[in-house]
Amino acid sequence: MVARAQGLRAANDAANPNDLAAWWMPFTANRAFKARPRMITRAKDMHYYTPEGRAILDGSAGLWCCNAGHNRDRIVKAIQDQAADLDFAPSFQYGHPTGFTVASRIAELAPGDLNHVFFCNSGSEAADTALKIAIAHGYLTGQGQRTRLIGRERGYHGVGFGGISVGGIVSNRKFFGSLLAGADHLPHTYNRAEQAFSRGEPEWGAHLADELERIVALHDASTIAAVMVEPMAGSTGVLPPPKGYLKRLRQICDKHGLLLIFDEVITGFGRTGFAFAAERYGVVPDMITFAKGVTSGAVPMAGVIVREGIYDAFMKGPEHVIELFHGYTYSGHPLACAAALATLDTYRDERLFERVNGMEESWADAMFTLQGLPNVLDIRTLGLVGAIDLASRPDAVGQRGFEAMERAFHDHGLMFRVTGDTLALSPPFIVTEDQVGEIVDKVAKVIRAVA
Ligand SMILES: Cc1ncc(COP(=O)(O)O)c(C=O)c1O
């Protein structure tokens, strides 16, 4: 046993480990990966590199997170300097200056009176934190019976019990028992017959927000704490919101006193051409969850941005008493804060959100050149995001998508995400027009290869 452990350690020290058994990889087909690994050892700007030095064009900003591109000097240096100065400081009852600066900078970017930031380390933690704040807010404001949480079919809010209960992806839910009691779901907003090949927000579907009225009628508003949605559902294959849908959700939430939470883990920090999708859609939610792009993926960081009135509801009672019994050891970790500050400076100085905005049309033009290729059932675009639905092979849902991902990596030097048979693209914001062309050429080759 000891010998095996030592052997594993020795093997895993090498750039090319010869024993891949120990790491049970997340959201991965482990056996297929270990039979034919897609290994990455280095990254710079728009590219990953394999151990053999082969360049892989990053069509997905890693996992939707490396928005500023990879290993940017400014971000790397900020992390290195911070590590040399302050490795860790508790954020329970103590603080460090960079955390406060980052919180202020994020609050400045958020719309309306979304002025307070609670730090977490992952989008999943942020989702569960927001849901807990919503329920606790009810308790503190004399509405302790408001405990129900409403999500949406095909929604993804990470993998905590709160997130999967409110989320609507069956594979993420079905193995894990009865989940949180009291969650209910809006219908998802995708309808291929009505929306296929829409650029940006589809015309059809705003009325689906009215389903919230049905849910309220069923449970009574007095039992519901919050409604949580992604402004654009990302992980279930990129579903831009129908025109007017989010405004309608806001109106119905206001009418019934429900808190509205936008999960902006993917859409936050520029992906739709605005700091937050809330700004793009002219809707101020009561809370925004964020992660990923806040540090351009360089160090784990996430959080919840909260409106003034919600924060104020907690800031009562004796001053020596903790107001919210919730937090993570690594909330506001110094390395994450340093990475966030350098990332936000990079977004600002290189005008990267504006760059996304300016590229939206040409990006969509490029993506839509794939229309008409074999098995392409739909293409959707929004900001610097695109998705292509491929027809599933008979009795093998997801196989064509999986093969597309493998071929893209091994044969064409391209990374993208797949969900079932949907290919999702979301490159870093520094992508050039030439690289957009390269991405689309490679995707076309892959689509033909898996026909
Ligand atoms: C909208 C949304 N919420 C939450 C999460 C979960 O984030 P994490 O994987 O950091 O827990 C994700 C991850 O992709 C996401 O897209």
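The values are calculated or read from the model by the stated rules, or taken from the named source; none is laboratory data. Bear in mind the structure is a predicted one, so any value in this text is a computation, not a measurement. Please note: Cβ atoms are built from the backbone with ideal geometry, for glycine as well, and neighbour counts cover all protein chains shown.
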Looking only at the stretch 397-432, filter to residues that are β-branched (V, I, T) and over 14 Å from L57 (Cβ atoms); which one of those is surrounded by the fewest Cβ atoms within 10 Å (Cβ to Cβ)?
V397
Of the residues A225, A233, which single one is small (G, A, S), away from the ligand (no atom under 15 Å from the Cβ) and crowded, with 24+ Cβ neighbours inside 10 Å?
A225
Under 8 Å between Cβ atoms, at least 6 apart or on separate chains: pull out the pairs that start in the stretch 102-117 with a residue that is within 21 Å of G327 (Cα to Cα) and end on any residue that is part of a helix (DSSP H, G or I) and among the hydroxyl-bearing types (S, T, Y).
N115/Y311; H116/Y311
Candidates L109, L149 - the one that is closer than 19 Å to G297 by Cβ and more than 17 Å from the chain's Cα centre (by Cα)
L109
Do you know which residues across the stretch 249-271 are away from the ligand (no atom under 13 Å from the Cβ) and under 14 Å from the mean Cα position of the chain (by Cα)?
G270
Go through the stretch 156-191 and give me each residue that's within 14 Å of the ligand (Cβ to nearest atom) and of a type in the set (S, T, N, Q).
S165, N172
Anything in the stretch 70-99 that is part of a loop (DSSP other than H, G, I, E, B), touching a helix residue (DSSP H, G or I) at 6+ places or on another chain (Cβ under 8 Å) and within 30 Å of G413 (Cβ to Cβ)? List them, or say none.
R72
Can you name the residue in the stretch 97-155 that is surrounded by 24 or more Cβ atoms within 10 Å (Cβ to Cβ) and of a type in the set (D, E) and is also farthest from the ligand (Cβ to nearest atom) among such residues?
D128
Residue satisfying all of: in the stretch 276-290; part of a loop (DSSP other than H, G, I, E, B) and more than 13 Å from the ligand (Cβ to nearest atom); surrounded by the fewest Cβ atoms within 10 Å (Cβ to Cβ) among these
G282
If the Cβ limit is 6 Å and pairs must be 6+ apart or interchain, which residue in the stretch 52-66 that is in contact (Cβ under 8 Å) with a residue 24 or more places away in the chain pairs with which residue that is β-branched (V, I, T) and crowded, with 20+ Cβ neighbours inside 10 Å?
G59/I439; W64/I266
List the number of the failed condition for S296; all other conditions in (1) of a type in the set (G, A, S); (2) without any contact (Cβ under 8 Å) to a residue 24 or more places away in the chain; (3) within 30 Å of L390 (Cα to Cα) hold.
(2)
Confirm whether H188 is farther than 23 Å from L63 by Cα and of a type outside the set (V, I, T).
no
Might you let me know whether the stretch 383-396 holds any residue that is surrounded by 15 or more Cβ atoms within 10 Å (Cβ to Cβ), closer than 24 Å to I40 by Cα and without any contact (Cβ under 8 Å) to a residue 40 or more places away in the chain?
no
Kindly indicate whether any position in the stretch 68-87 is closer than 30 Å to G282 by Cβ, polar (S, T, N, Q), modelled with pLDDT of 95 or more and away from the ligand (no atom under 16 Å from the Cβ).
no
Just to be sure, is V304 within 13 Å of the ligand (Cβ to nearest atom), within 28 Å of V102 (Cβ to Cβ), touching a Phe, Trp or Tyr at 6+ places or on another chain (Cβ under 7 Å) and not in a loop (DSSP other than H, G, I, E, B)?
yes
Quick one: is M359 over 30 Å from D85 (Cα atoms) and buried (at least 22 other Cβ atoms within 10 Å of the Cβ)?
no
